[in-house]
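A.B. asks: Questions regarding the structure given below will be posed in turn.
The values are calculated or read from the model by the stated rules, or taken from the named source; none is laboratory data. Computed from a predicted structure; not experimentally measured. Reconstructed Cβ throughout: ideal geometry from the backbone, glycine too, with neighbour counts over all protein chains shown. The area values use the complete protein model at the heavy-atom level, side chains included, leaving out ligands, DNA and RNA. Shrake-Rupley method; radii C 1.70, N 1.55, O 1.52, S 1.80 Å.
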Amino acid sequence: MFLDEFPWFATARSDFLMAFGEFWNRCGTVDGDLVVIICGSATSWIIGNIIENTGSLYNRVTSQIHLDPFPLRLCEEFSRDREFGWSRQQIALCHMVFGGLPYFLELLDGDDSLRQNIDRLCFAPHALLRGESKKLLEATLKKSPAYESILSLLASRRYGISRQACFERLDIPAGTFERAVKDLVRCAYVRQFKDQSKPRNPLCLQLIDPFLLFHYRFLSGSHDFENWDDFQRDGGRYANWRGAAFEVLCLTHAEQMRQALGIAGVKTREYPWVSARQTGGAQIDLVIERADGITNLCEMKFTDTPVVLTADYEAKLLHKVDVFREETGSRQAIKLVMVCASGLAGSGHAEHVSRVLTLDDLFA
């Protein structure tokens, strides 16, 4: 027996969940040849009402399948199967806009360029995905303005914000805020991590869903973009989004980065880092703190051409190392890692860079 979109059956006052529990306990467990598969896009509901059920369905789940979005490797296989003919650069950019949800990938037209697809699905007057974020939240979560308020705030904080600061900036009751954050983390829209740069390591929240990041930056509220070219012409906003989206892409492919660094079996902690200094500070796109006594400071660049590491750029990187070591008091060996979509040009001024990762490493 396969019940698709199970949460939609269990509407308010329907008593469906209670009836299903009675059915399973009275009949389902009697005959050993009955298998019931429950499916639903409302991840938080499935976890809270089925997997963590404390009533009649307590401890009744025998197996779980959590479907993650496609990583870059599977997106490339999808592209190859549909004969898109896109480069890895284009596939990565597609992932930075739409994420790895098969539903969004199915909407892409392989006869058009990526730019044409984005215009048709996002920027056109009646674009199919213009209001998709609201539908997505209602399909996977409950109808509550708290979710949109939290996501909208997080979308404006590239490196995340402390959980306490997020609560203080929003007019949301404490209980509603706690439940909303819990649901957003469960659905993998938001990442919760400890800020290692602050005293007592407060919990921080960071938006890590690519499509929601793109939506809240450029599709919601007031905007004047009619197509992708308009978007790109706003150089500052485009560059800021592309940098943030690439950092999210790398973060969601941390396993591939660990493999490329040869530390797949080493316990690590990953987090962005921002200096507390008012002047002369620094920020690290991603810190990989390793249990083998090494800390990798990752500088991430998504460019169309190889990054040129000039003397000035090298000085800035070394300054980041000095500030990080001074403020954190880290006693680990600190190694710089460049994550460049198109690689690094030449070897000049790169003597302090221990490793260079490219898109090919993220596609592994």
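A.B. asks: Does residue 350 satisfy the criteria of being out of contact with any Phe, Trp or Tyr (no Cβ under 9 Å at 6 or more places or on another chain) and modelled with pLDDT under 90?
C.D. replies: Yes, satisfied.
A.B. asks: Checking the conditions here, which among 252, 279 is over 25 Å from residue 315 (Cα atoms), open to solvent by 30 Å² or more (accessible area, probe 1.4 Å) and either at pLDDT 95 or above or of a type in the set (Val, Ile, Thr) (or both)?
C.D. replies: The match here is 252.
A.B. asks: Quick one: which residue in 218, 246, 231 is farther than 24 Å from residue 190 by Cα and open to solvent by less than 10 Å² (accessible area, probe 1.4 Å)?
C.D. replies: 231
A.B. asks: Just to verify a result, which residue in the stretch 118-167, among those that are of a type in the set (Val, Ile, Thr) and at pLDDT 80 or above, is farthest from residue 211 (Cα to Cα)?
C.D. replies: It comes out as 161.
A.B. asks: Just a yes or no: is a residue in the stretch 199-211 touching a residue at least 40 places away in the same chain (Cβ under 8 Å), out of contact with any strand residue (DSSP E or B) (no Cβ under 9 Å at 6 or more places or on another chain) and crowded, with 20+ Cβ neighbours inside 10 Å?
C.D. replies: There is at least one residue in the stretch 199-211 that is touching a residue at least 40 places away in the same chain (Cβ under 8 Å), out of contact with any strand residue (DSSP E or B) (no Cβ under 9 Å at 6 or more places or on another chain) and crowded, with 20+ Cβ neighbours inside 10 Å.
A.B. asks: Given the conditions (1) crowded, with 19+ Cβ neighbours inside 10 Å; (2) among the small types (Gly, Ala, Ser); (3) more than 24 Å from the chain's Cα centre (by Cα), and given that residue 124 satisfies all but one, which numbered condition is not satisfied?
C.D. replies: (1)
A.B. asks: If I ask for residues that are part of a helix (DSSP H, G or I), surrounded by fewer than 17 Cβ atoms within 10 Å (Cβ to Cβ) and in contact (Cβ under 8 Å) with a residue 24 or more places away in the chain, which ones from the stretch 153-178 would you list?
C.D. replies: Correct list: 164, 176.
A.B. asks: Sticking with this one: Just give me the residues in the stretch 48-72 being over 30 Å from residue 15 (Cβ atoms) and surrounded by fewer than 15 Cβ atoms within 10 Å (Cβ to Cβ), in sequence order.
C.D. replies: 68 - this is the single residue of the stretch 48-72 that is over 30 Å from residue 15 (Cβ atoms) and surrounded by fewer than 15 Cβ atoms within 10 Å (Cβ to Cβ).
A.B. asks: If you don't mind, another one. Just to check your reading of the model, which residue among 218, 211, 231 is under 21 Å from residue 104 (Cα atoms) and in contact with a Leu (Cβ under 9 Å, 6 or more places away or on another chain)?
C.D. replies: 211
A.B. asks: Return a yes/no flag: does the stretch 164-178 have any residue that is touching a Pro at 6+ places or on another chain (Cβ under 8 Å), closer than 21 Å to residue 43 by Cβ and not basic (Lys, Arg).
C.D. replies: Taking every residue of the stretch 164-178 in turn, none turns out to be touching a Pro at 6+ places or on another chain (Cβ under 8 Å), closer than 21 Å to residue 43 by Cβ and not basic (Lys, Arg).
The rows are residues; the columns are (1) open to solvent by 80 Å² or more (accessible area, probe 1.4 Å); (2) in contact with a helix residue (DSSP H, G or I) (Cβ under 9 Å, 6 or more places away or on another chain).
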{"position": "9", "(1), (2)": "yes, yes"}
{"position": "14", "(1), (2)": "no, no"}
{"position": "20", "(1), (2)": "no, yes"}
{"position": "23", "(1), (2)": "no, no"}
{"position": "30", "(1), (2)": "yes, no"}
{"position": "46", "(1), (2)": "no, yes"}
{"position": "93", "(1), (2)": "no, yes"}
{"position": "99", "(1), (2)": "no, yes"}
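A.B. asks: A further question on this structure: With respect to residue 110, is the statement that it is at pLDDT 90 or above, on the phi > 0 side of the Ramachandran plot and either surrounded by fewer than 20 Cβ atoms within 10 Å (Cβ to Cβ) or within 20 Å of the chain's Cα centre (by Cα) (or both) true?
C.D. replies: So residue 110 fails the test.
A.B. asks: While we're here: Can you run down the residue pairs with Cβ atoms below 6 Å, 6 or more apart or on separate chains, where the first is in the stretch 124-143 and at negative phi and among the small types (Gly, Ala, Ser) and the partner is assigned to a loop (DSSP other than H, G, I, E, B) and at pLDDT below 80?
C.D. replies: Within 6 Å, the pairs are 139/41.
A.B. asks: A further question follows. If you check 144, 133, which single one turns out to be more than 29 Å from residue 327 (Cβ to Cβ), within 19 Å of the chain's Cα centre (by Cα) and polar (S, T, N, Q)?
C.D. replies: 133
A.B. asks: Looking at 327, 314 in this structure, which one is open to solvent by less than 50 Å² (accessible area, probe 1.4 Å), farther than 21 Å from residue 93 by Cα, charged (D, E, K, R) and out of contact with any helix residue (DSSP H, G or I) (no Cβ under 8 Å at 6 or more places or on another chain)?
C.D. replies: 314
A.B. asks: Here is a check on your reading of the model: is residue 308 closer than 19 Å to residue 243 by Cβ, among the aliphatic types (A, V, I, L, M) and open to solvent by 70 Å² or more (accessible area, probe 1.4 Å)?
C.D. replies: yes
A.B. asks: Residue 119 passes all but one of (1) open to solvent by less than 70 Å² (accessible area, probe 1.4 Å); (2) more than 20 Å from residue 248 (Cβ to Cβ); (3) in a loop (DSSP other than H, G, I, E, B); (4) not β-branched (Val, Ile, Thr); which number fails?
C.D. replies: (3)
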